[in-house]
Each structure stands twice: as structure tokens, then as C-alpha cells.
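*Asks:* Here's a structure for you.
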Protein chains: 2
Amino acid sequence: MPSTAARDRLVQTALELFYVDGFHAVGVDRIASEAGVGKMTLYRHFRSKEDLILAALRRRDEVFRAWFTRALDAAATTPSGKLVAVFDVVDAWIKGAGPGNQRFRGCAFVKASAEYGDPDDPIHAAAAAHKAIQLRQLIQLAREAGATAPEQLARQLAILREGAIAEAHVAGNVDAALDARRVAEGLVGAALPHQ
Amino acid sequence: MPSTAARDRLVQTALELFYVDGFHAVGVDRIASEAGVGKMTLYRHFRSKEDLILAALRRRDEVFRAWFTRALDAAATTPSGKLVAVFDVVDAWIKGAGPGNQRFRGCAFVKASAEYGDPDDPIHAAAAAHKAIQLRQLIQLAREAGATAPEQLARQLAILREGAIAEAHVAGNVDAALDARRVAEGLVGAALPHQ
DNA sequence: ATTGAACGATACCGATCGGTAACATATTTA
DNA sequence: TAAATATGTTACCGATCGGTATCGTTCAAT
């Protein structure tokens, strides 16, 4: 059976190259070469480049969500506090923290959706699935916080998060998450039952 | 001198193909072919593919901003009303309105930044410039509305708009702009001097 | 009517694309 | 120790990449 080590190096290398230079711009030769692996080894582990892209996005989904959850737990303790702290974590990500040692270049799944714009494309679908999981986590937090309309609050916070990430990358506004945080404070405060 | 007609067809065709299939995925042969133009004509008007991409983004910037401004003027009359109506226009865009007859596939400039992630890349810079102009228009509206902190309000609305566009495209939430609109109502209302 | 420029078409360039075949070398397992 | 397997290298496939050269034709200005 093929070794897990070679497969892991391929996925990790592909992920880093895709994130920096894009999916179409990075060829399989370069991935195999920079992973220190023969090209045929790549095709023993993955049927096609698309398969490798999907594996890389799966890994990104796992690693990023794990990092985000840990950072969120460290930043706040109460559910309502975490709903606001989401934007402190995004702020830290924009400014260099985050999984891996690469500079911030926006959301990897937004990039994937940008290059594979057809919603029926499996790659686009993988990006949508990642966003759906993250939305569910926000809904759960909003419910635990006792928000009056947890799903609407979660969707609004998701929009704010997505917008901050995009503004930071495209427009170069490194403090976008701080602007979004101010909005989130008002939303969360207004959604909680008055005490 | 080269004709304006051929150049315009090239830019328009390139814009449509890039928007749907991406910048790297669309080759110059296909652009020239679908524009009904010889390949050499393309290179008589543009030094390189990058030049054509930049020309297409310039056109997108002009056409899209003109469409957006007109739609905004038709949707509301007062400055504060327009700040909220921004999200009605985005909602209409997501649902099929907008310049051109193509289905909504997210923001063309976000797509460009996704494929050309280096902020120093001229293509990325063109996208950033587009976002800067749109932000300035929001700041102007916020000033006219008499907002207490017009620049911060404009940045927050820009984040909301960007987030709604991204959520609609990536996650497939076609009503994202309506969620964002609710948030914008609160922000604009709170930023105006009480009367 | 003649010149000259812009045109579409085609063939071509070296390089790279995604993907495959063959092979010799390790590394493992029996 | 012998058979089996996973490996990295190399060469190759047809197709396409961005970009150039050359052609005969169209068409407008003089």
C-alpha cells in the first residue's frame, strides 16, 4: 500500500502552493517536485489533479477549523463573548497568525470558488460545505448565548467575517476585522435578552 | 491606427470569459476566436495577456460602477436612504440584475485578487483601486447623511457589502444581501444624529 | 486609381499542461 | 534469502499555453 508520509507531503505542499499562486497556476510537476516526490507517486495517491485539490481542501478545512476553534476558546469563555471574539481571531489571522507559516492571502475556499465558479463543480461544492460548517458553529454559539434570532444573528456574523477577510485581502485594509468587531458587538448586544 | 470596434469586442469578450471561467483558465486563442478576431489583432491592441486583463478590469470598473450608481439613485433619494439601499442593489445583482447578461458569479475584482494574490501584482492593484473608489463613494454618502463617524460607517458598510457578495457566491445564500441590509439599517440609524 | 494600413487566417515557436509507460532502486514481507 | 511492493527518475504522449511571423484580403484616404 502507498505510504501515508508521501501522501501527506503531497497534500501539504499542494495546499501551500495553491494558496499562494492559485489552483490553475500551479502544475502537478511543480507540486511533485517541491514535495520531493516522483510524479508517478502523485498519481498513485490521486487519480487526478482535481482529486488532489479536493484532498488539499479537505485538509485545509480540518486544520483551519481546528485552529480557529482553539483560538476562539482561548480568546473568550462565554458564548456571547466568543461571538465577538470571532473577529479578534480573524484579526490575528490577517496579521500573521493562523495555521501554517504563510502570509495571509484571504480565504482559501473563497479562492477556490473564484477559480471554480460553477456551483455544481465539486471544488466549489467543497468550499460551500466548509462555509456551511462554519455557519453551523456560529448558529450553535448564538443558541448557547440565548440570542432571540440565533440563525439570523449567525448569518449576519458570517457575512461580517467574510467581508472582513475579503476587504483585508483585496483592499489591503489590515484592520478590517476591527471594524467588523464593532458591528458584531452591537449585533450580539442587541440580540441578547436585556438584563 | 487600430480600430476601436475590434478592441471593444476583445475587451468585452475577454471580460465575459474571465468572469465565468477565470483568468488563468481562459487562453488568448479562445478570446480571439470568440471575439471573431484574428489572434494577431489581439496582439496589435494589447502587448500581452496581462494588458488585456487590465483593460478588461478597467472596463468592468467603469461599467459596474455606472450601473451601481444609477441603480442606487433609482432606489433611494436621501443620502442615508442610499446607504441602506446599497444592499437592495446588491440583492438585485445577486438575483440576476447587474451589468451584462451573465449569471451572478461574485465580484470580478475579488476573483482577480484570488488568482493574483500578490498585492504588488498590477492586477491585484487594479482590484484594490476599484474597491478604494467604491469606499470613497460610501464615505461621501455617509458625510452627506451627516453621520457622526462617516469613514468608519463607510468601512463597515463596505465590509457588509463584500461579505454579502461572497456569502451569496461561495455559500449559495441568495438572500445574503437582505441579512446585510438589516445590519446596515441599524448602523446607519445609530450613526445619524438623533432627531 | 493607388498606396498603405488594419484585418482574419494560418502556421509556427519553445514551454508547459495533465497524465502515462517503463525502469532501476530501495524497502519490506514471507 | 526470495518474492513483492512502493519508490524517484526519466522519457514520453497529445494538447494547449502565451506570443510571433507571414500571408493575402479588405478598405479607407488620398
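The values are calculated or read from the model by the stated rules, or taken from the named source; none is laboratory data. Keep in mind that this is a model prediction, so the values were computed, not measured. Glycine gets a Cβ as well: all are built from the backbone with ideal geometry, and neighbour counts include every protein chain shown. The accessibility values were calculated without ligands, DNA or RNA, using every heavy atom of the protein model including side chains. Shrake-Rupley method; radii C 1.70, N 1.55, O 1.52, S 1.80 Å.
*Asks:* If you go through region B:118-139, how many residues are out of contact with any Ser or Thr (no Cβ under 7 Å at 6 or more places or on another chain) and facing chain A (nearest Cβ under 8 Å)?
*Replies:* Looking only at that region, the number is 5.
*Asks:* Continuing with this model, one more query. Return the residue satisfying two criteria in turn: it lies in region A:170-195 and is at the interface with chain B (Cβ under 8 Å from one of its Cβ atoms) and open to solvent by less than 20 Å² (accessible area, probe 1.4 Å), and of such residues it is nearest to A:F109 (Cα to Cα).
*Replies:* So, considering only residues that are at the interface with chain B (Cβ under 8 Å from one of its Cβ atoms) and open to solvent by less than 20 Å² (accessible area, probe 1.4 Å), the one nearest to A:F109 (Cα to Cα) is A:V170.
*Asks:* Return the only residue of B:A56, B:A66, B:A85 being within 16 Å of DNA strand D (Cβ to nearest atom) and part of a helix (DSSP H, G or I).
*Replies:* B:A56
*Asks:* Taking the options A:A112, A:A142, A:A147, name whichever one is crowded, with 22+ Cβ neighbours inside 10 Å, more than 7 Å from chain B (Cβ to nearest Cβ) and either at pLDDT below 95 or not in a helix (DSSP H, G or I) (or both).
*Replies:* Of A:A112, A:A142, A:A147, the one residue that is crowded, with 22+ Cβ neighbours inside 10 Å, more than 7 Å from chain B (Cβ to nearest Cβ) and either at pLDDT below 95 or not in a helix (DSSP H, G or I) (or both) is A:A147.
*Asks:* Take the residues in region A:87-109 that are more than 22 Å from A:I159 (Cβ to Cβ) and more than 10 Å from every other protein chain (Cβ to nearest Cβ), then tell me which one is surrounded by the most Cβ atoms within 10 Å (Cβ to Cβ).
*Replies:* Taking the candidates together, the pick is A:P99.
*Asks:* Select from region A:2-50 the residues that are within 13 Å of DNA strand C (Cβ to nearest atom), at negative phi and assigned to a loop (DSSP other than H, G, I, E, B) and list them in ascending order.
*Replies:* A:P2, A:S3, A:F23, A:H24, A:A25, A:V26, A:G27, A:V37, A:G38, A:F46, A:R47, A:S48 - these are the residues of region A:2-50 that are within 13 Å of DNA strand C (Cβ to nearest atom), at negative phi and assigned to a loop (DSSP other than H, G, I, E, B).
*Asks:* Here is a follow-up. Give me the pairs: first residue in region A:6-34 and without any contact (Cβ under 8 Å) to a residue 12 or more places away in the chain, second residue of a type in the set (K, R) and surrounded by fewer than 18 Cβ atoms within 10 Å (Cβ to Cβ), beta-carbon distance under 8 Å, and six or more apart or on different chains, which are they?
*Replies:* Listed by first residue and then by second, the contacts come to A:D29/A:K39.
*Asks:* Moving on to the next point. Please indicate, with yes or no, whether at least one residue in region A:55-63 is within 14 Å of another protein chain (Cβ to nearest Cβ) and within 16 Å of DNA strand C (Cβ to nearest atom).
*Replies:* yes
*Asks:* Quickly run through region A:32-52 and pick out the residues that are aliphatic (A, V, I, L, M) and within 12 Å of DNA strand D (Cβ to nearest atom).
*Replies:* The answer is A:A32, A:A35, A:V37, A:M40, A:L42.
*Asks:* Look through region B:2-28, keep the residues that are within 10 Å of DNA strand D (Cβ to nearest atom) and farther than 15 Å from B:F109 by Cβ, and return whichever of them is surrounded by the most Cβ atoms within 10 Å (Cβ to Cβ).
*Replies:* Within region B:2-28, the match that is surrounded by the most Cβ atoms within 10 Å (Cβ to Cβ) is B:V26.
*Asks:* So if I check each of A:I123, A:I165, A:I159, A:I133, which one is assigned by TED's automatic domain parsing to the domain that holds A:A76, under 17 Å from the mean Cα position of the chain (by Cα) and open to solvent by 20 Å² or more (accessible area, probe 1.4 Å)?
*Replies:* Checking each option against the conditions leaves just A:I133.
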